[in-house]
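Note sheet for the following structure.
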Amino acid sequence: MVTNDQRTQIRSYLVNQGAKWPVAEIGSRVLAAYDELAGAMEGPLTPAQLTFRPGPEEWSIVEVLSHCLASNAGTCRVAQSLAAGKDPERGEDKARTVTAKDEMPALIAESRDQVLRVVREFPENADLERTSEHPFFGPLNSKAWLLFLRVHTLDHANQIKSVRAHPRFPR
C-alpha cells in the first residue's frame, strides 16, 4: 500500500519531471520500463507459476500483467485526449486475461507500440493546462499522465519479480 508521503513524492515526480522533460525523453523512460516488464517475464513459466498467488490478497503474474496492460492502454488514451485539449472519456479497460506464457511477449510488445504511437503523435503544441484526476495522484496533465506509465509499469515489473522470488513459488 502506498503511504500519503509516497503519494506526495510520486505526484511531485510526475508533475515536475513531466514539465521538465520533453515528450521524447518521457517516452524513452517509459520504453525502458517496458524492457523491465519484459525482463520480469523472461524464462519458462508453467501454468501453475503464472497463476500462483503469494497470499490471498495478492495477485498472480497473470493478474499483474493483465491489469498493467489494460491500465496502460487507458492511460495512453487519457494522455492523448488531454494533449489534444479534450477531456478524456472515463471507463474501465477490460483486462484480457492471459493464460499462456507464449501470448505475453506479443501483448507486451503491442502495449509498448501503443506508447510509441502516443509519443510520436504527441502534438508539439499540446495542451498542458488541462488536467484529469488520477485516483491516487490527483490532477495530472498529459505529460504527467504519460510519465505515469513509467511508474506504473516499473511497479508491476517489480511485483512480478517479487512473485517469482517468493519462497512458495512453484519450482
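The values are calculated or read from the model by the stated rules, or taken from the named source; none is laboratory data. Not measured: the values here are computed from a predicted model. Counting neighbours? That spans all protein chains shown, and the Cβs are built from the backbone with ideal geometry, glycine included.
When the stretch 1-36 is filtered for residues that are more than 22 Å from Leu116 (Cβ to Cβ) and outside any helix (DSSP H, G or I), the ones remaining, listed by number, are Met1, Val2, Thr3.
Taking every residue in the stretch 27-55 that is touching a residue at least 24 places away in the same chain (Cβ under 8 Å) and pairing it with any residue that is among the hydrophobic types (A, V, I, L, M, F, W, C) and not in a helix (DSSP H, G or I), at least 6 positions away or on another chain, the pairs with Cβ-Cβ distances below 6 Å are Phe52/Phe169.
Residues that are surrounded by fewer than 18 Cβ atoms within 10 Å (Cβ to Cβ) and small (Gly, Ala, Ser) were ranked within the stretch 75-85; the one that is nearest to Leu116 (Cα to Cα) is Ala84. Taking the criterion of being closer than 28 Å to Arg7 by Cα and in a helix (DSSP H, G or I), the residues of the stretch 95-135 that qualify are Ile108, Ser111, Arg112, Gln114, Val115, Leu116, Val118, Val119. Kindly indicate whether Pro88 is without any contact (Cβ under 8 Å) to a residue 24 or more places away in the chain and over 30 Å from Pro44 (Cβ atoms). The answer is no for Pro88.
Would you mind stating whether Arg117 is within 17 Å of the chain's Cα centre (by Cα), modelled with pLDDT of 95 or more and not hydrophobic (A, V, I, L, M, F, W, C)? Yes, satisfied. Among the candidates Glu133, Glu129, Glu89, the residue that is at pLDDT 95 or above, over 18 Å from the mean Cα position of the chain (by Cα) and either under 26 Å from Gln159 (Cβ atoms) or surrounded by fewer than 19 Cβ atoms within 10 Å (Cβ to Cβ) (or both) is uniquely Glu129. For the stretch 138-171, the candidate set comprises residues that are closer than 16 Å to Ile10 by Cβ and free of Cβ contacts under 8 Å to residues at least 40 places away in the same chain; within that set, the residue that is surrounded by the fewest Cβ atoms within 10 Å (Cβ to Cβ) is Pro139.
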